[in-house]
Ligand code: SDX
């Protein structure tokens, strides 16, 4: 897919006139190419948080925030979640097209081949306290992969990049399960090639070497859909972190470790854990009005976790699918009247009828219901963002690879508006 120059934009500054090409993509907002603004005018643009800034061209994911639609390589997220599976979605995000049966089978065999991790990596886990947050462990052990897999570090070799992408997709569930087992003091479970990706992950998390229990297929399907919903989301904070790290030529494992670190924040992927903690703190539907009041109070830092989004000004389509998965899993487990779900449903109803949330176009996002589902699957709260990271790895590596292949990309190096001290002379300690 290519873009085309649609027209020119003019800027009048201090009596001078500047022209900028307006590029039109396949769908979505046009962009003004201001890359020559500083060279021509000596001025920077200013856009903290990048609310109006595109940092790349991409063919991978498209979000329409007003409509509440999300497309992976043009395919709607709800269709992929309902009709496909996570590994097929990984192939699509990596390669741009859905696989045929032969391509899928070969891809699945490749991912299975890379699912094990070097046994020496097991020793890394003994260095972490049992109460270490699993995201802290993931930051460490994923970055450490670059100390083991030297044959997939050369970012200029397309074959090594392909291997690195496959290794990361394959090893993230294994490492995530090891982080969880470490917290339990239980033995690590090896991946099993006769299980599909999601079932394999659940088996490595909840299986024991002392028994050969079948993975619940309904829960495995729910896990698979959760991974699809988290797979990619265009230039979000952690993906932008991965791109920026990759722009310096850092190896793929280090770049993904930087994405994991960024995702951990409660404003981003950490919101699923923060949302459950919020629902537990609310504790009763009777307390909802008090917390909605706090969320609206400018002087109170409290926010409704799992609500609001930089791009979606309508429902996050993933939240709708996640809500459906939530009901399916709870029904399958025979959990009636889950107290946290009751609070979440009532909170959503009250918030969506409140002028504050309506005016600010704040809707539930992917993190609002995901925690309830993850908790019902048996995961502790501190594993929720790890599950997000497992799902998002394919998006990170796909976006990283696209950036490396983009010949126009250079090292990312933003500028600033300097508001600090003017030039001044050093004063000796005795004179201060
Ligand atoms: C993810 O970018 C992605 O795509 C991310 C993600 C992905 O898949 O990668 O979708 C995953 O990170 C989802 C978001 C998870 N985070 C949360 O649920 C945390 C709670 N949400 C907020 O912190 C917030 O909504 C953000 C961070 C998600 C978005 O922040 P923005 O775009 O910077 O919006 P903002 O902070 O400027 O808010 C606009 C207004 C503000 O009020 P005013 O200053 O205009 O008066 O809305 C208010 C905010 O105070 N607001 C909220 C709110 N979110 C925004 N008020 C109460 N509760 C909230 N949740």
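Values in this text are rule-based calculations from the coordinates and carry no lab data. What you are looking at is a predicted structure, and each value in this text was computed from that prediction instead of being measured. Cβ placement follows ideal geometry from the backbone for every residue including glycine, while neighbour counts extend to all protein chains displayed.
What to note about this one:
- Three-way shape label, region 287-404, alpha-carbon gyration tensor, a/c 1.5: oblate
- Region 225-289 and region 300-332: distance between their alpha carbon centers, rounded to Å: 14
- Euclidean distance between Cα centres, region 161-178 to region 21-54, Å: 35
- Global geometry of region 333-374, whether rounded, prolate or oblate, following the gyration tensor of its Cα atoms and the 1.5 cut on a/c: oblate
- Computed from the C-beta positions of residue 147 and residue 418, the FRET efficiency with R₀ = 30 Å rounds to 0.20.
- Using alpha carbons only: equivalent-ellipsoid semi-axes of region 249-340, gyration tensor based, whole Å: 28, 21, 13
- Span from the region 79-120 Cα centroid across to the region 360-432 one, whole angstrom: 26
- With contacts taken as Cα pairs under 8 Å and at least 6 residues apart, region 73-195 reaches a relative contact order of 26 percent.
- Panel order for 161, 167, by other beta carbons found within 10 Å of each beta carbon, from fewest to most: 161, 167.
- Dividing the convex hull volume of the alpha carbon atoms of the chain by its residue count gives 207 Å³ per residue.
- Rel. contact order, % - alpha carbon contacts under 8 angstrom, at least six apart, the chain: 19
- Largest GNM mean-square fluctuation among 97, 422, 211, using the chain with Cα springs under 10 Å: 422.
- Cα-projected label distance for residue 53 with residue 6, points at 7 Å along beta-carbon direction, nm: 2.2
- Region 101-251: Cα Rg divided by the 2.2 N^0.38 Å rule of thumb: 1.09
- Extension gain from residue 154 to residue 129, taking 0.36 nm per residue of separation minus the Cα-Cα distance: 5.6 nm
- Take every pair of alpha-carbon atoms less than 8 Å apart whose residues are at least six positions apart; their mean separation over the length of region 300-396 yields a relative contact order of 44 percent.
- Tilt relative to the chain, helix 86-95 - C-alpha long axis, 0 to 90 degrees, to 10: 30
- Counted residue by residue at 0.36 nm each, then reduced by the alpha carbon distance between them, the extension gain from residue 277 to residue 116 reaches 54.6 nm.
- Fewest neighbouring Cβ atoms within 10 Å first, the residues 51, 393 line up as 51, 393.
- Globularity ratio of region 1-128, using Cα Rg and 2.2 N^0.38 Å: 1.59
- Antiparallel %, DSSP beta bridges [both residues in the chain], to 5: 100
- Evaluated on region 202-312, the Kirkwood hydrodynamic radius is 17.3 Å, with distances taken between all distinct Cα atoms.
- Counted residue by residue at 0.36 nm each, then reduced by the alpha carbon distance between them, the extension gain from residue 14 to residue 425 reaches 144.7 nm.
- Using alpha-carbon coordinates, inclination of helix 158-184 to the longest axis of the chain, degrees: 50
- For 316, 216, order by how many other beta-carbon atoms lie within 10 Å, fewest first: 216, 316
- Per-residue [θ]222 nm for the chain (sum of -39500 (n - 2.57) over DSSP H runs n ≥ 4, rounded to 500): -15000 deg cm²/dmol
- Between 16, 78, 194, the GNM of the chain built on Cα springs shorter than 10 angstrom shows 16 fluctuating the most.
- Shape of region 161-206, Cα gyration tensor, a/c cut at 1.5: oblate
- Using alpha-carbon coordinates, inclination of helix 339-352 to the longest axis of the chain, degrees: 30
- Once the C-beta distance of residue 302 and residue 335 is scaled by a Förster radius of 41 Å, the resulting FRET efficiency is 0.90 to the nearest 0.05.
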